[in-house]
Structure formats: C-alpha cells, structure tokens
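Below: one structure, written as structure tokens.
The values are calculated or read from the model by the stated rules, or taken from the named source; none is laboratory data. Note that this is a predicted model, so its numbers are computed, not measured. Neighbour counts are summed over all protein chains in view; Cβ atoms, including those assigned to glycine, are modelled from backbone coordinates with ideal geometry.
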Ligand code: BES
Ligand code: MN
Ligand code: MN
C-alpha cells in the first residue's frame, strides 16, 4: 500500500465524520428560508479548506449565495488544477418518503453498496463528492505528494442554475487562471465498472401558463362550452412530440450534431442496455425517440419533459370546477450545438402559435445552460483515465452524460479551460430524490483517485 492509501485508511473515520457535519447543515439554495444555512455551510467549507492547508481562503459574495475560494500555489512552474464543486443541495421534499431525516446522515448497507452508503441530502450531489477533493488535498499535503498547484472554487448556487457565477468568472479571470478544471459531480457506471463522463447536456427550462375564463367556473353550468385550460394544456403538451417521440417544435433539431456510426458503435460497448433501465426502475418497458437506444436517448439526443403540472382542484374529495388557469414547468435537455436561448425562443414561438383562440398562453423562461463535450485527447482526460485505471484496476469507459452543469460550458468560454468530469456517484444513488445516498467505497475511492489525477496531470501536462 502506498503512503497515500495508508493515510486514507488511518483517517477514514474522521473523513466520514467531517462530511457528516457538513451534511447536517440544510444548505437548500432554492428556498430563501435556508439562506442563513447556506451561508453557514460556506463558512464551514472555508474553515475546512484552511484546516486542510489552503491559503488565501475567502468567501466571495455574489449577487446570490456566496462562493468559497482557496488556493495552494507551491511552485509556479507546476501546472494548476482548478477544482469546482457545489455545497448547495436540492430541497429534500417529499419528506415523508425518506426512511431517515434528510439532514441526519446515517450509514446503511444496500445491495449496490455492501460496504455501506451515507444517506443524506447532498451526500452524493455534491457535498460528498466536493469534500473528497478537500480530503484528497489534505492527504497530498500530509504525505508530501502534492504534484500541482491547486485552486478551489466551491459554489452555493449550482442547484438553482449558477446564475451569479458567470459575472464572478468574468470578474476573476486572472485569479482563476489554471490549466484544467476538475469536477466530481457526476457518476460512474458501477463500482466495478469505472467510467468518465465526456459530456453534459444543456438545458432550456420554461414555465407556461394557460388562461381560459376570467374566473373558476361551475363545470356543470359551463363545461362543454368554455375551454378548460387544463384540457387545452394537456393537448398542447401532447402535441409537442409525435408518435416517434420526435419533438415537433420547428427548428428544434436544426443544430443537433449527429454522431457518426463509429461513435455510436463505440457507445454501444458500454454495459448499459434497455434491460438496465427496466430492471433498476421496475418498468414495463422503456420508451423514447425512435431509432435510438436508451443510453443514446439519455445522452446524445435532446429531450422534452414536463417536470410539474398543476391547476384546478387537487384537495380531498371532488369539487366540480372548470379552472381559470393551468400551469406546467417544462425542461428541454440539449445537445451540441443547440443553444438554450435559441431553443427557448423557438419553444415560446411554437407554443404561442399552437394555442387555440379560446385561451391565452404565457411562456416564462427559467435558467438554462449550454451542453458540453470533453475531448478525450488532452492531458486532463488522459490523467483522469490513468488515475481511475490505477485506482480501480480497470480501464474507465468514456460515456456521455445526460445531466447538466450549466457552468461548465462557461468555464471554457470565459476562462478558456476544459473540464474533466471525474465523478464517483452511481445513477442509483437517488440524487434529487428521497433517500439520496453515496457509497462509503465511492467516497474513499474518490479520495484515493484524486491524488493520482494530480500526479498524472503533472506528468502529462509537461509533455
Ligand atoms: N450534479 C448534477 C448534474 C449531473 C448529475 C450530471 C449526474 C451528470 C450526472 C447537478 O447538480 C444537477 O443536478 N444539475 C441540474 C441542473 C441545474 C441547473 C439545476 C440538472 O441536471 O438537472
Ligand atoms: Mn451536482
Ligand atoms: Mn444536482
């Protein structure tokens, strides 16, 4: 065992206990009632970075939740790794579906995590994965193995679209000067099948409101003669996809880059099949865009999903009402080279154009983000490949991911830096859902893999 592995083994319990303390703070960025908890988490992250050995650690105010910055510059001739992560979490609702309270972490064994998993909101997304970097940094300093300069940039607004991060990047281009960005906020295929994410989808997110009559009506007196906005909204939403699950918005696919047959064949090598989805989610069957596999449908193809829909009476019992308004939140996941602003505009134009004369519609855009693809032929990706191969004893498989981290495309645009998405979560870890968890194996394996990344990046970057 290497010195690094010895250090991790000797400090494992403390590494877990420290993460538990972070997980106990409900840093829910979306809910203003938790603003103080979000700030307290930033303070805590700052303290941990200082304790681990970082210099110039500061809390940088933004227009929203603060950013934590810290660095360790050991030698100007060495390359610099900029670590990005987020300390904010998604709201834990619905609370009644959690087996343990979301902010009281516990370790429990699961089928996929026989060594135990940490159950808490943010355990995987992203406090647990972010904190691996702080502990890997401590480990490298304590074992005298730090091979690169490091900068940390840990934000508190990722789960609400990182809206203030763009201006922070623009104002701090020099301070954030580095050679690569390293992020653990994604996943691997399985604990015995390492993989590296080579892409993220972009996002366009809109809220729609359909208004019919000027007030709620008795559905007996008026039903049949007056358009029901919920019925109309349902019709409009169903028309957004045809029978092949192809999105019908004119121009939607214009900028989509199709993969070559070689690329698609290479993708099909990944051990993820339709059966994987059917079994793990207890589905009757998969569904999706005709001509593509489930893996392709969730990574290289754009999609449209209703995330929430409401209106009318949903209380106990039956109330006969023809509501005045209906609402829905709709997300579109985008792939290169689709542009979120353009897609939002196309959606708005189309949605307005298909509204029948009996209703009025309003489309309000929310946050969005551009898609991103990591090239596999640069030192950053190759360092991650070698680090994972060594830590797992198996070559990692490159896979395009379906989720979004909107800031990643801006890192390239504003800082001119490529991002390496070396995450350690599993799809089954239930991020954003009740009973989110993160394997103890994954947490410790991450802390072990990160120092190897620094080592190989320092070597490969010189070449
Ligand atoms: N860490 C996730 C994104 C992710 C997870 C990407 C797993 C790939 C694999 C991130 O915190 C997230 O949830 N992003 C949001 C977008 C954001 C604007 C709310 C998403 O993808 O829905
Ligand atoms: Mn995340
Ligand atoms: Mn998330």
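Determine if the range 198-219 includes at least one residue that is touching a helix residue (DSSP H, G or I) at 6+ places or on another chain (Cβ under 9 Å), within 16 Å of ligand 3 (Cβ to nearest atom) and under 24 Å from residue 93 (Cβ atoms).
For the range 198-219, residues touching a helix residue (DSSP H, G or I) at 6+ places or on another chain (Cβ under 9 Å), within 16 Å of ligand 3 (Cβ to nearest atom) and under 24 Å from residue 93 (Cβ atoms): present.
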For the range 81-126, name all the residues that are free of Cβ contacts under 8 Å to residues at least 60 places away in the same chain, within 16 Å of ligand 3 (Cβ to nearest atom) and in contact with a strand residue (DSSP E or B) (Cβ under 7 Å, 6 or more places away or on another chain). 126
What are the pairs, 6+ residues apart or on separate chains, where a residue within the range 304-315 that is assigned by TED's automatic domain parsing to the domain that holds residue 218 has its Cβ under 9 Å from a residue that is loosely packed, with under 14 Cβ neighbours inside 10 Å and not in a strand (DSSP E or B)? 312/319; 313/319; 313/320
Which residues, counting only those in the range 390-402, are in contact with a strand residue (DSSP E or B) (Cβ under 6 Å, 6 or more places away or on another chain) and within 16 Å of ligand 3 (Cβ to nearest atom)? 401
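Output the residues belonging to the range 161-184 that are within 16 Å of ligand 2 (Cβ to nearest atom), closer than 13 Å to residue 411 by Cβ and in a loop (DSSP other than H, G, I, E, B).
As a first pass, look at the range 161-184 and keep what is within 16 Å of ligand 2 (Cβ to nearest atom): 161-163, 165, 181-184.
Now narrow it down to the ones that are closer than 13 Å to residue 411 by Cβ: 162, 165, 181-183.
Of everything in the range 161-184, just one residue is within 16 Å of ligand 2 (Cβ to nearest atom), closer than 13 Å to residue 411 by Cβ and in a loop (DSSP other than H, G, I, E, B), namely 162.
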Answer yes or no: is there a residue in the range 427-449 that is more than 22 Å from residue 297 (Cβ to Cβ), away from ligand 3 (no atom under 16 Å from the Cβ) and without any contact (Cβ under 8 Å) to a residue 24 or more places away in the chain. no
Quick count over the range 193-225, residues being more than 18 Å from residue 425 (Cα to Cα) and either surrounded by 22 or more Cβ atoms within 10 Å (Cβ to Cβ) or under 20 Å from the mean Cα position of the chain (by Cα) (or both), is 8
State all residues of the range 142-163 that are in contact with a helix residue (DSSP H, G or I) (Cβ under 7 Å, 6 or more places away or on another chain) and more than 16 Å from ligand 3 (Cβ to nearest atom); if no residue qualifies, say none. 142, 143, 145, 146, 147, 148, 150, 152
Residues that are surrounded by 19 or more Cβ atoms within 10 Å (Cβ to Cβ) and away from ligand 1 (no atom under 16 Å from the Cβ): find the helices (runs of 4 or more DSSP H) completely inside the range 355-463 holding 1 or more of those. 379-392, 440-462
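Taking the options 154, 196, name whichever one is modelled with pLDDT of 95 or more, more than 30 Å from residue 342 (Cβ to Cβ) and assigned to a strand (DSSP E or B).
Among 154, 196, only 154 is modelled with pLDDT of 95 or more, more than 30 Å from residue 342 (Cβ to Cβ) and assigned to a strand (DSSP E or B).
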